[in-house]
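Notes follow the structure.
The values are calculated or read from the model by the stated rules, or taken from the named source; none is laboratory data. All values derive from a computational prediction rather than experimental measurement. Neighbour counts are summed over all protein chains in view; Cβ atoms, including those assigned to glycine, are modelled from backbone coordinates with ideal geometry.
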Amino acid sequence: MEPILNVKNLTMKFGGLTALDSIDISIKQGEIAALIGPNGAGKTTFFNCITSIYEPTEGNIQITPPGQPTESLNGLKPNIVTEKGLARTFQNIRLFHGMTVLENVMIGRHCRLNSGILGAMLQPKSQQREEQKAVDDSYKILEKIGLDQYVNEMAINLPYGAQRRLEIARALATDPFLLLLDEPAAGMNPQETKELDDLIIWLRDNENVSILLIEHDMKLVMSLSDNIHVVDYGKKIAEGTADEIKNNPLVIKAYLGDDAEDA
């Protein structure tokens, strides 16, 4: 079976700095995978490259959505990558704070609407039906994520953990087959992290969404991940299961430094 995401030789250079150096990563359908590494290892740069926020210096990025042919993401605009089925959250929360929870999710539905500017101006019945469906679909997503009680609340007023989940809800509104989560547990307390853990598993099992996450919470990573990819100084140094990764000497050295060998 073809991987749903297949990244080969991904390289990103900023002047004389090589942020990513010939990275190969593939993600399978139904997989929860993690991309880990020390601060500055290139993890978010990897996300920015495969979602076309950055144009890689070298490398190929291919997707094979379930039931569809393989195609390249190279050179596409970020909104087109989203339409192709990749959705992401960000390390720093990027909600529209002056909008309601429901409106934030509806923005995610925009790429799945058919009406253009003319339809928005003339408001034909087809436009009205589509807008109502966007409202209904967005509310259903909030129910699934457990945020329906906040539907008319301004996003800025949500508790921190709920804001994190709202970002995931907005990403889900684009109907992705692959969800990219950039440090989703950052700043969460233990109860919020446990709820996030349960949510990610639920999404994989019930929404037919594969997941690739960047995360520093190793307890979360080890409990969730089917496969873990490790990068350090822009290079991929290891890949494997949780047990394989936590016992890998290269990974231990990357996280603990050279002194780890003498410990």
Original post:
Of the residues that sit in the range 210-247 and are of a type in the set (Asp, Glu) and part of a strand (DSSP E or B), which one is surrounded by the fewest Cβ atoms within 10 Å (Cβ to Cβ)?
Top reply: Glu239
Original post:
How many of the residues in the range 31-55 are closer than 18 Å to Leu250 by Cβ and of a type in the set (S, T, N, Q)?
Top reply: 1
Original post:
Quick one: what pairs do we get from the range 173-188, first residue among the aromatic types (Phe, Trp, Tyr), second at pLDDT below 90 and assigned to a loop (DSSP other than H, G, I, E, B), C-beta under 8 Å, 6+ apart or different chains?
Top reply: Phe177/Asn208
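Yes/no per residue for (1) of a type in the set (Gly, Ala, Ser); (2) crowded, with 21+ Cβ neighbours inside 10 Å; (3) not assigned by TED's automatic domain parsing to the domain that holds Asp232:
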residue	(1), (2), (3)
Asn6	no, no, no
Thr11	no, no, no
Gly15	yes, no, no
Leu20	no, yes, no
Gln29	no, no, no
Ala34	yes, yes, no
Ala41	yes, yes, no
Thr44	no, no, no
Ile50	no, yes, no
Original post:
So is Leu199 among the aliphatic types (A, V, I, L, M), under 16 Å from the mean Cα position of the chain (by Cα) and surrounded by 20 or more Cβ atoms within 10 Å (Cβ to Cβ) or not?
Top reply: no
Subject >> Asn74, sole failed condition from (1) more than 16 Å from Pro176 (Cα to Cα); (2) loosely packed, with under 15 Cβ neighbours inside 10 Å; (3) out of contact with any strand residue (DSSP E or B) (no Cβ under 7 Å at 6 or more places or on another chain) >> reply: (3)
